[in-house]
Amino acid sequence: MPFPVQRPRRLRADGRVRALVRETVVRPEHLVLPLFVMEGISERHPIDAMPGQMHWPVDQIDVPVREAMARGVKSFLLFGVPASKDAVASSAVDPDGIVPQALRRLKRLCPEAWLITDVCLCGYTDHGHCGLLDTEGHIRNDDSLPVLAAMSVAHARAGADMIAPSDMMDGRIGAIRAALDAAGFVETPIMSYAAKFSSCFYGPFREAAHSAPQKGDRKGYQMDPANGREALRELRLDLEEGADVLMVKPGMPYLDILAAARRAFDVPLAVYQVSGEYSMIKAAAARGWIDEKAAVLESLTAMRRAGADWILTYFAPEAAGWLRETA
């Protein structure tokens with residue numbers, strides 16, 4: 001025949017029909033905004049490596065939450081930056097630590113916000129690793145689990161709606177689940193950073209969280225970027241230990257892992273558009289090399305298309321506003 005039988009362009013020619021056949025939708029309620037709350041400051045401090053992001057004092061942490069909620073974002077992930085650190089992460093389990101303080105304030109002032117807390121020791125140890133170390137600098141995996149569990153319980157008691165362990169210690173989901181249940185928090189869900197890769201894209205975050213390791217690296221516990229089958233094993237193990245939501249981190253470089261997880265697991269999946277992804281888009285947009293709005297919305301759509309139910313992104317407030325404009 002002199003013309004194609006199938007003409008897919010027929011359903012692309014008009015914006016109204018494009019909306020009707022659109023397969024993937026991103027909405028503000030799909031987004032989770034990470035926030036950094038810092039001890040010992042009285043005013044917000046810009047984070048140089050992450051343009052537009054701030055260190056927030058406890059008595060102002062409700063400001064970004066209110067602003068984001070006004071745009072339709074309902075969920076938040078809190079990272080604490082404590083004033084004091086030691087080898088055993090004492091400040092991580094302090095019931096009056098930086099994150100519990102922030103939780104109590106937000107529960108009082110923003111009761112409709114869904115509050116998730118990151119559980120990891122890297123920001124609370126003076127050596128910057130995600131678990132405790134022995135005298136030779138090796139991770140003490142099993143000795144780290146009670147500390148992570150105690151940190152989780154401290155957050156739950158202060159009002160956390162969900163616990164999100166990011167440390168990648170073996171067995172930590174089971175230990176945290178048991179500790180939460182024993183403390184009466186049977187209904188508190190766990191979102192596991194289950195497939196967390198040892199990635200160069202975390203660089204800006206480590207400046208923001210003051211969590212870079214003082215010696216060595218995290219390749220001994222975070223995943224090798226080359227390993228896809230191992231990622232599915234990690235996801236499966238955390239699900240078996242009691243995780244309610246499974247996360248893949250980072251986002252764009254690991255969409256194949258996210259898609260494989262979507263095929264393998266019938267549970268909610270999250271993906272983290274990490275600091276390096278955020279800062280690259282910001283830097284390129286600042287130079288006029290890329291359209292920031294288009295890049296953000298395209299990347300979020302790709303993550304949803306690959307299978308994410310939730311997306312953790314520093315762009316959440318801006319993206320929510322753009323999504324409302326196009327709705």
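What follows is calculated from the coordinates using simple rules that are stated; it is not laboratory data. Bear in mind that the values here come from a model prediction, so they are computed numbers and not experimental data. Because the Cβ atoms are built from the backbone with ideal geometry, glycine has one as well, and the counts that use them run over all protein chains shown.
For segment 183-202, state whether one or more residues are under 21 Å from residue 273 (Cα atoms), hydroxyl-bearing (Ser, Thr, Tyr) and assigned to a strand (DSSP E or B).
The answer is yes, given that some residue of segment 183-202 is under 21 Å from residue 273 (Cα atoms), hydroxyl-bearing (Ser, Thr, Tyr) and assigned to a strand (DSSP E or B).
Being over 18 Å from the mean Cα position of the chain (by Cα) and polar (S, T, N, Q) narrows it down to one of 214, 222, so name that one.
When all the criteria are applied, what remains is 214.
Select from segment 224-281 the residues that are of a type in the set (Asp, Glu) and over 15 Å from residue 198 (Cβ atoms) and write down the one among them that is surrounded by the fewest Cβ atoms within 10 Å (Cβ to Cβ).
Here the answer is 266.
Filter the strands (runs of 3 or more DSSP E) completely within segment 28-141 down to those with at least 1 residues that are buried (at least 20 other Cβ atoms within 10 Å of the Cβ), among the aromatic types (Phe, Trp, Tyr) and touching an Asp or Glu at 6+ places or on another chain (Cβ under 7 Å).
Hits in segment 28-141: 75-81.
Exactly one condition in (1) touching a strand residue (DSSP E or B) at 6+ places or on another chain (Cβ under 7 Å); (2) of a type outside the set (A, V, I, L, M); (3) surrounded by fewer than 16 Cβ atoms within 10 Å (Cβ to Cβ) is false for residue 152; which is it?
Result: residue 152 passes all but (3).
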